[in-house]
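Student: The structure's right below; bear with me while I get my questions together.
Read-outs: derived from the displayed coordinates by stated rules, not from any lab. Since the structure is predicted, the reported quantities are computational estimates derived from the model, not experimental observations. Here the Cβ positions follow ideal geometry from the backbone for every residue, glycine too, while neighbour counts run over all protein chains shown.
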Amino acid sequence: MELLAERSLYRLSMSLRTSFEKYGIYIFLCLLFITASLVSPQFLNPQNLKDILNQAAALGMVSIGQTFVILIGGGGLDLSVASVMATVAVIVAHNTGGQDALFFPVAMVCLLFGVLVGLANGLLITKRKVQPFMATLGMMIIIQGLRFLYTKGAPKGGFPPILRFLGTGDIGIIPTSILSLAILIIIASIVLKKTTLGRQIYAIGGNIETARLSGYSIDLIITVAYVISGFTAAIAGLYLAGWIGISDNWVGKGYELDSIAAVVMGGTTFEGGRGGVMGTMVGVLIIMMLYNLVLLLHLPVQVQLLVKGSVIILATSFYAMFRMRAV
C-alpha cells in the first residue's frame, strides 16, 4: 500500500510539475493583471487597456519572427530587427510625402527590404558560418549607418493617413493593429504546427545532427527563418510608425532585446526545438503590462529596466529549473 501511495504521489507531482511548466506563464500573466488592477485603478480604464494592446502589436509582430529564429537553436537570435523597424519608418516618411496613393508601393519596398536583410543574415550564418549574434549585430550596425547616411541625421516627411489608421485606428471595437497581429499569429501558428517547414524548424532545434541525417536542408531552413524574422520586423516597423506618428531614426529602439525577452519568457528556449508563438504573445503582454504599470505608478523610467531584467532572469530560471528536474 505504501508503494502504491508513493507512486500515486509521484505521478501527481509530475503531473502538477508538467502542468505548471506548461501553464505557469499564463498564471503569471493573470496574477500580474490582478495585481496591476489593485495597485492602480487607472489600469482597468478601457482607453488604457486599448493603449496596452496597441503598443503590444508592434512588439508582438517582431517577436513572432524572433520566435522562428530562436526555435532553430544553435544560439539563433536576430539583433537587427530594431534597425529594420527604424529604417522602414524612415523610408515610408521620406517617400510617401503623407500621400495614401504612394503608401502601398512604398510599403512593398519596405517589406522587400526586411526580406533582404533576413536573407543576408541567413546567408552569413549558414554559408559564412558567422555566429548569429555577430552576424545580426553587424547587420544592425550596417543598417544604422545606411539609415543615417540616407537621412543625413535628420529624418523628414510625414506618414499617410492610411498608415496612421493601421497604427491607431479601429475596425468596430477592435484596434486595427491587434486585428493584424491576430492574423499574423494564426498564420505563424499554422506554419509552425501544420506545415513541413514548421516541423523541420522544430526538428533542427531539437537535434540538428538528427535532422541532417534525416535529409533536411539545414541551411535553407535556417535562412528561411531569418527571412521570416526580417519580414515581420518590416511589418512591425510600419505599424509602430503608424502608432507613434513621427519619423525618427530610433523608432523601435530596444525592440531587439524586448522581442528576445518576450520569446524567452514565453517558454521558447535558446537550445531550440521547444516553444511557440502563443507563449511569446504572453511574454509580450507581460512586458507591456509591466511598462504600463510603471508609468501609471509614476515611477522613474529606469524602473522599467530593473523590472524587465528581473522578470527575464526569473522566467529563464523558472524554465531552467524544470528542464534540470526533467533530466
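Student: Can you put Ser80, Ser259, Ser217 in order of Cβ neighbours within 10 angstrom, beginning with the fewest?
Tutor: With the fewest neighbours first, Ser80, Ser259, Ser217 line up as Ser217, Ser80, Ser259.
Student: For the stretch 180-324, rounded, prolate or oblate, judged on the Cα gyration tensor with a ≥ b ≥ c (square roots of eigenvalues), a/c < 1.5 rounded, else prolate if a/b > b/c?
Tutor: Values: a/c = 2.44, a/b = 1.47, b/c = 1.66.
Note, shape of the stretch 180-324 comes out oblate.
Student: While we're on this one: Full extension from His298 to Phe165: what is 0.36 nm times the residue separation minus their Cα-Cα distance, to one decimal in nm? Can you show the working numbers first?
Tutor: On the way: separation 133, 0.36 × 133 = 47.88 nm, distance 2.94 nm.
Contour length minus Cα-Cα distance gives 44.9 nm.
Student: What order, most packed first, do the peptides 111-124, 132-145 have when packing is the mean number of other Cβ atoms within 10 Å of each residue? Kindly include the intermediate steps, with their values, before the conclusion.
Tutor: On the way: 111-124: 21.3, 132-145: 18.0.
Those peptides, ordered most packed to least, come out 111-124, 132-145.
Student: Something else about it: Using amide H atoms built 1.01 Å from N in the peptide plane, name the residues 5+ places from Asp170, or on other chains, whose amide H lies under 5 Å from its own.
Tutor: Here the answer is Thr176, since their amide H atoms fall under 5 Å of that of Asp170.
Student: Can you show me the helix-derived [θ] at 222 nm for the chain, built from DSSP H runs with n ≥ 4 at -39,500 (n - 2.57) apiece and divided by the number of residues, rounded to the nearest 500. Numbers along the way, then the final one.
Tutor: Details: 13 runs with 251 residues, N = 327.
My calculation for the chain gives -26500 deg cm²/dmol from helical runs alone.
Student: Classify the stretch 44-151 as rounded, prolate or oblate, taking a ≥ b ≥ c as the square roots of the eigenvalues of its Cα gyration tensor: rounded when a/c is under 1.5, otherwise prolate if a/b is larger than b/c and oblate if not.
Tutor: In terms of gyration-tensor shape, oblate.
Student: Checking the a/c ratio against 1.5 first, then a/b against b/c, what shape does the Cα gyration tensor give for the stretch 147-215?
Tutor: Oblate shape, in that a/c is at least 1.5 and b/c is the bigger or equal ratio.
Student: Computed FRET efficiency, Cβ-Cβ of Lys253 and Met108, R0 22 Å: what is it to the nearest 0.05?
Tutor: Details: r = 25 Å, r/R0 = 1.14.
The value I calculate is 0.30.
Student: Which label marks the calculated value of semi-axes √(5λ) of the Cα gyration tensor in Å, given the options (i) 34, 27, 17; (ii) 30, 23, 18; (iii) 45, 24, 17?
Tutor: Computing semi-axes √(5λ) of the Cα gyration tensor in Å and matching it to (i) 34, 27, 17; (ii) 30, 23, 18; (iii) 45, 24, 17 gives (i).
Student: Additional query: Using 7 Å Cα-to-Cβ label points, what is the Lys194/Gln47 separation (nm, one decimal)?
Tutor: The two pseudo-label positions are separated by 4.0 nm.
Student: Then there is this: At 0.36 nm per residue, and after removing the present C-alpha to C-alpha distance, how many nm does the segment from Leu179 to Gln99 gain when stretched out fully?
Tutor: Values: separation 80, 0.36 × 80 = 28.80 nm, distance 2.37 nm.
Full extension from Leu179 to Gln99 adds 26.4 nm.
Student: Could I ask something else about it? With charges set only on the Cβ (+1 for Lys and Arg, -1 for Asp and Glu), what does the dipole of the chain come to about its Cα centre, in debye to the nearest 20? Write down the numbers at each step before the final one.
Tutor: Values: 21 positive and 13 negative charges, 94 e Å.
With only Lys, Arg, Asp and Glu charged at Cβ, the dipole is about 440 debye.
Student: Oh, and also: How do the peptides 28-37, 160-169 rank, highest first, by the average count of neighbouring beta carbon atoms within 10 Å per residue?
Tutor: Working: 28-37: 14.2, 160-169: 19.2.
The densest-packed peptide leads the list: 160-169, 28-37.
Student: Next question. Over 21 Å between Cα atoms, which of Lys193/Lys308; Lys253/Lys308; Lys127/Lys193 qualify?
Tutor: Working: Lys193/Lys308 30 Å; Lys253/Lys308 15 Å; Lys127/Lys193 28 Å.
Listed pairs above 21 Å: Lys193/Lys308; Lys127/Lys193.
Student: Please work out the FRET efficiency for the pair Leu146 and Ile313, using the Cβ-Cβ distance as r and a Förster radius of 30 Å; give the result to the nearest 0.05.
Tutor: Working: r = 35 Å, r/R0 = 1.16.
About 0.30, to the nearest 0.05.
Student: Hey, what angle do you get for helix 218-244 against the long axis of the chain, alpha-carbon based, 0 to 90 degrees rounded to 10?
Tutor: 60
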